[in-house]
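The values are calculated or read from the model by the stated rules, or taken from the named source; none is laboratory data. Bear in mind the structure is a predicted one, so any value in this text is a computation, not a measurement. All accessible areas refer to the heavy atoms of the entire protein, side chains included, with ligands and DNA or RNA removed. Shrake-Rupley method; radii C 1.70, N 1.55, O 1.52, S 1.80 Å.
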Amino acid sequence: MSDVEYRFTIRPLSAEEGGGYLIEFPDLPGCMSDGETVDEAIANGEDAKRCWIEAMREAGRPVPPPSVEPKVTAGNGSCAPPNRRLAERAKREGVSLNTLAVTLLAEGLGSRD
């Protein structure tokens, strides 16, 4: 189940909090990590998620399923990305549209501080 995509939140950390970015997985209580960059926080978060799931299994505790929001679909059932340019950029960078969007939003929010 560690390859299952769980929702996550990511936010910039203030200087008082040490700077960088914090990633949290709402479906996995207490599962969080951080990093100096958004990409590093996401990579560290994936590692934290795998470790969290492994620890739960080793303790014989249930691993909650992800609360996945339904995909927005066009009439033909295909995914309808909000912006073709974003979808193309995500493909070029080898990341999901969700990861690209979260990265761009976090970078934008971080530049405002």
Ordering ILE53, ILE10 by the accessible surface of their heavy atoms, 1.4 Å probe, largest first, yields ILE10, ILE53
For TYR21, TYR6, write out the residues from largest to smallest accessible area, computed with a 1.4 angstrom probe and no ligands counted. TYR21, TYR6
